[in-house]
Amino acid sequence: MAMQPSNGTALVTGASTGIGAIYAERLARRGYDLVLVARNRERLEQLAQRLSEQSGRSVEVLVADLNDKADLARVEQLLRSDARISLLVNNAGVGATAPLLDSDVERMTRMIELNVTALTRLTYAAVPGFVARQGGTIINIASIVGIAPELLNGVYGGTKAFVLAFSQSLQHELADKQVRIQAVLPGAIATDFWEGAGTPVAHLPGEIVMQAQDLVDAALAGLDQGESITLPSLPEIADWQAYQTARQHLLPNLSRQLPAQRYRLADRAR
Ligand SMILES: NC(=O)c1ccc[n+]([C@@H]2O[C@H](COP(=O)([O-])OP(=O)(O)OC[C@H]3O[C@@H](n4cnc5c(N)ncnc54)[C@H](OP(=O)(O)O)[C@@H]3O)[C@@H](O)[C@H]2O)c1
């Protein structure tokens, strides 16, 4: 097989299965060496062996529980110290479908630690090197529930709203520093995620469920097209642009010296 020149190394979290494993495969095909991060060593090693055989790329395994501070620190340290890393895919995440009254707050806290805290710390570890090397990309896997928190468990929606807001703020902050940030907002994807979240994917209507391969290929097409936010299911990009335009329209009026007229109850009483 003719080897493509290396694009650098991509570190993919949650690479042992589902969306992360497909990212790993697609990125190896695109000429990236890989660091695969997750807890399940056996799955990671099987994938690493298959991908290095298929692509000829270097594929390393880093077994880490991103809910564990010491493990997370090891991944952060690698991101800080390995100048070959040019792409971080913040994909590892868990979800929930139960409402607050049926949810365990300890489980919700662990979800926040994985979906928000780990993603934030890994981003903080990667960005300074990307800025110093004048190049790098972060792909943050958010979700449509980041803009539609009514659909599933509210803490899960909240974590994904964080991922979207954090990504948008970084896009703004890093615009002139050759660092790209893409937020991907998948709808329902056919992975083990749903089993762990409390609703097997077979219980969802087939017409709303996308295959992980289709999701990742669409998200990478969005990246290639220069998108900073990619909604793989949305048929009309104009609908998203209208949503963003409405948000921009609010901005000049969101911070003012006086409350809006409708809240000036004291004026009315006088
Ligand atoms: N599936 C969907 O419908 C959907 C929709 C929108 C967004 N998403 C998002 O897409 C991302 C990937 O989800 P998926 O559907 O591919 O789920 P998945 O099939 O359950 O895979 C999750 C991955 O994260 C890893 N992981 C879980 N907990 C971890 C921890 N504490 N430390 C390190 N790795 C951990 C898992 O590996 P180990 O078990 O080996 O650690 C696995 O590789 C998540 O952020 C999810 O919120 C999914």
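Any read-out appearing in this document is the output of simple, stated calculations on the displayed coordinates, not a laboratory observation. These numbers come from a predicted model, not from an experiment. Note that we place each Cβ from the backbone using ideal geometry, even for glycine, and neighbour counts take in every protein chain shown.
Amide H to amide H under 5 Å from residue 182: which residues, 5+ apart in sequence or cross-chain, H placed 1.01 Å off N in plane?
Hits under the 5 Å cutoff: 138, 139, 140.
To the nearest 20 debye, what charge dipole does the chain have about its Cα centre, counting +1 at the Cβ of each Lys and Arg and -1 at the Cβ of each Asp and Glu? Intermediate results must be reported in sequence, preceding the final value.
On the way: 25 positive and 28 negative charges, 207 e Å.
In total the dipole reaches around 1000 debye.
If we sort 254-263, 92-101 on the protection proxy, mean other Cβ atoms within 10 Å, highest first, what's the order?
Top to bottom by mean Cβ count within 10 Å: 92-101, 254-263.
How high is the relative contact order of the range 1-159, in percent, with contacts defined as C-alpha pairs under 8 Å that are six or more residues apart? Could you put the intermediate results ahead of the total?
Details: 261 pairs, mean separation 34.9, N = 159.
Across the range 1-159, relative contact order equals 22 percent.
Taking H as built 1.01 Å from N, whose amide H comes closer than 5 Å to the amide H of residue 61, not counting residues under 5 places away?
36
Between residue 133 and residue 112, what FRET efficiency comes out of the Förster formula 1/(1 + (r/R0)^6) with R0 = 35 Å and r the beta carbon distance, rounded to 0.05?
Numbers: r = 31 Å, r/R0 = 0.89.
Taking R0 as 35 Å, the efficiency between residue 112 and residue 133 is 0.65.
Let me have the relative contact order for the chain, percent, based on Cα pairs under 8 Å that are six or more residues apart. Could the numbers behind the result be given before it?
Values: 424 pairs, mean separation 41.6, N = 270.
Computed over the chain, the figure is 15 percent.
Rounding to the nearest 10 and keeping the result within 0 to 90°, find how far the Cα-based axis of helix 212-224 lies from the longest principal axis of the chain.
For helix 212-224, the angle is close to 80 degrees.
If I model a spin label at residue 65 and residue 239 as a point 7 Å from the Cα along the Cα→Cβ vector, what separation in nanometres do I get?
4.1 nm
So how do 79-89, 199-209, 218-228 stack up, highest first, on mean other-Cβ count within 10 Å? Please report the intermediate quantities before stating the final value.
Values: 79-89: 19.0, 199-209: 10.9, 218-228: 15.4.
The most tightly packed comes first, giving 79-89, 218-228, 199-209.
Using only the alpha-carbon atoms, how far is helix 18-29 inclined from the longest principal axis of the chain? Give it as 0 to 90 degrees, nearest 10.
Helix 18-29 sits roughly 50 degrees off the main axis of the chain.
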